Amino acid sequence: MSLIAGGVVFVTGVYSYNKWQEYKVKKRVERAFDGQHDDVLMRSDDGVRAEPRFHLDEVPMPDGGSGAYGVPEHLGGHVGDVAAPGFAPDEAAVLPVRSADAGVPVEELATSLVDPLIDCLLPLELEAPARGEKLLPALQKLRFVGNKPVHFIGLAVSGDWEPVRHGVVYTRLQGGVQLASRSTALNELEYSELVSRLRSVSDEIGAEPQIPDMIEVMQDARNLHRFVANHDAQLGVNLASNGAPWNIATLLGALEKLGFDVRPDGRYAMPDGEGGHLFSLSTNVTLAEETTARLTLLLDVPCVAPARDGFGSMIACAKNLMARLDATIVDDANQPLADETLANIAGQVKEFYDDMAASDIPAGSTRALRLFS
């Protein structure tokens with residue numbers, strides 16, 4: 001009876017301790033971005049700061065087609081076969097397409113690096129204020145786990161959250177590991193590696209890390225990856241020669257005159273004017289080939305903002321090339337694509353964009369570019 005009583009006391013003590021630790025972690029996460037400036041990404045409707053969470057409500061799928069959100073698969077549309085989780089809407093401001101550009105407010109840049117919607121937050125309590133040049137060497141040792149990027153921002157003495165940099169004194173740090181990428185979700189092994197390396201970094205800089213519960217993190221990672229899989233849509237149209245194959249050397253010169261840039265993988269990309277690209281073009285042959293009878297234009301739908309009209313620009317370019325090269329716009333089965341079909345697909349692309357915006361991950365935004373890179 002004494003042993004049983006002792007066991008009950010021990011189990012009760014462990015359970016109470018774990019609950020207390022869980023409560024402390026949650027409170028620290030809620031306070032992770034507190035300060036003088038209101039962080040709209042962490043604000044709920046009733047004004048209470050809380051970390052956004054994912055849930056498993058299905059996003060309605062538009063009717064028609066068998067590809068991405070009704071986009072025909074023969075045009076290259078593809079997504080995963082699981083329902084995408086919904087994301088609770090909040091009042092988050094839409095992040096710029098390239099928030100690393102000069103002139104972006106430091107807090108906005110910080111939120112683009114450590115984003116509570118797509119990152120697992122990792123608060124670090126510094127034992128004493130520290131300068132950026134003392135912190136950076138240690139923080140740079142933890143930049144990735146697997147293929148998931150890890151970023152750190154700091155609370156400067158000015159009261160602003162910003163990327164850690166030289167010459168600035170920080171009183172607190174906030175880390176974040178991306179929960180999912182285009183290929184995989186953050187898994188248990190990666191998270192265990194992250195925790196181990198984070199503790200090592202924390203010891204080096206004199207900080208105490210607050211480690212979120214692995215079960216909750218894994219659930220959030222799987223939910224986010226479902227969303228990514230269900231929105232990983234690429235649209236392609238082909239140009240088939242009506243006569244003899246085109247000479248590659250002559251063709252590439254013409255493409256450069258049209259504004260295409262050469263990419264390291266041998267594809268050509270149409271720039272968007274701000275450091276990104278609208279769509280790419282492939283000759284469908286190796287560099288050793290001298291001719292090709294088929295070109296493919298490809299739009300990475302979630303990576304191009306709706307305002308840039310990537311699909312419309314791609315079709316306009318295809319029609320331009322069709323007239324110049326004596327070609328026909330066809331699908332992957334070599335069937336001609338009528339204007340009515342292209343107009344229908346354009347409407348489905350708009351629905352796709354609306355759905356991404358409703359999930360607070362607008363196409364072409366910093367969040368989308370991080371997730372679909």
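The values are calculated or read from the model by the stated rules, or taken from the named source; none is laboratory data. Keep in mind that what you see is a predicted model, and the values were worked out from it rather than measured. Virtual Cβ from ideal backbone geometry, glycine too; neighbours counted across all protein chains shown. Ligands, DNA and RNA are stripped out before the accessible areas are found, and what is left, the full protein with its side chains, is counted by its heavy atoms. Shrake-Rupley method; radii C 1.70, N 1.55, O 1.52, S 1.80 Å.
Among the residues making up segment 231-255, a single one is without any contact (Cβ under 8 Å) to a residue 60 or more places away in the chain and within 31 Å of the chain's Cα centre (by Cα): LEU255. Taken over segment 310-323, the criterion of being of a type outside the set (Val, Ile, Thr) and either surrounded by 11 or more Cβ atoms within 10 Å (Cβ to Cβ) or within 15 Å of LEU297 (Cα to Cα) (or both) is satisfied by GLY310, PHE311, GLY312, SER313, MET314, ALA316, CYS317, ALA318, LYS319, ASN320, LEU321, MET322.
For ARG267, the requirement of being of a type in the set (D, E, K, R), surrounded by 15 or more Cβ atoms within 10 Å (Cβ to Cβ) and over 22 Å from the mean Cα position of the chain (by Cα) is met.
Is it fair to say ALA249 is hydrophobic (A, V, I, L, M, F, W, C), open to solvent by 40 Å² or more (accessible area, probe 1.4 Å) and either in contact with a Ser or Thr (Cβ under 9 Å, 6 or more places away or on another chain) or on the phi < 0 side of the Ramachandran plot (or both)? Answer is yes for this residue. Within segment 349-368, the set of residues being of a type outside the set (Gly, Ala, Ser) and either open to solvent by less than 50 Å² (accessible area, probe 1.4 Å) or not in a helix (DSSP H, G or I) (or both) comprises VAL349, PHE352, TYR353, ASP355, MET356, ASP360, ILE361, PRO362, THR366, ARG367. Listed by first and then second residue, the pairs linking a residue in segment 257-285 that is charged (D, E, K, R) to a residue that is open to solvent by 30 Å² or more (accessible area, probe 1.4 Å) and part of a loop (DSSP other than H, G, I, E, B), with Cβ atoms under 9 Å apart and 6 or more places separating them unless they lie on different chains, are ASP272/VAL97; GLU274/VAL97; GLU274/ARG98; GLU274/ASP101. Report whether or not LEU122 is at pLDDT 95 or above, over 18 Å from the mean Cα position of the chain (by Cα), surrounded by fewer than 20 Cβ atoms within 10 Å (Cβ to Cβ) and of a type in the set (A, V, I, L, M). Here the answer is no, as LEU122 does not meet what is asked.
Output the residues belonging to segment 129-147 that are free of Cβ contacts under 8 Å to residues at least 40 places away in the same chain and more than 22 Å from the chain's Cα centre (by Cα). ARG131, GLY132, GLU133, LEU136, PRO137, listed by residue number. Tell me yes or no: at least one residue of segment 190-209 is open to solvent by less than 70 Å² (accessible area, probe 1.4 Å), in contact (Cβ under 8 Å) with a residue 12 or more places away in the chain and within 30 Å of ALA338 (Cα to Cα). Taking every residue of segment 190-209 in turn, none turns out to be open to solvent by less than 70 Å² (accessible area, probe 1.4 Å), in contact (Cβ under 8 Å) with a residue 12 or more places away in the chain and within 30 Å of ALA338 (Cα to Cα).
In segment 178-189, of all residues being among the small types (Gly, Ala, Ser) and not in a loop (DSSP other than H, G, I, E, B), the one that is surrounded by the fewest Cβ atoms within 10 Å (Cβ to Cβ) corresponds to ALA185.
Within segment 324-348, the set of residues being open to solvent by 80 Å² or more (accessible area, probe 1.4 Å), farther than 21 Å from VAL301 by Cα and in contact (Cβ under 8 Å) with a residue 40 or more places away in the chain comprises ARG324, ASP326, ASN334, GLN335.
Working carefully through the options VAL228, VAL150, find the one that is within 18 Å of the chain's Cα centre (by Cα), closer than 30 Å to ALA358 by Cβ and free of Cβ contacts under 8 Å to residues at least 60 places away in the same chain. Walk me through how you get there before you give the answer.
On the way: VAL228 fails: free of Cβ contacts under 8 Å to residues at least 60 places away in the same chain.
Just a single option satisfies the conditions, and that option is VAL150.
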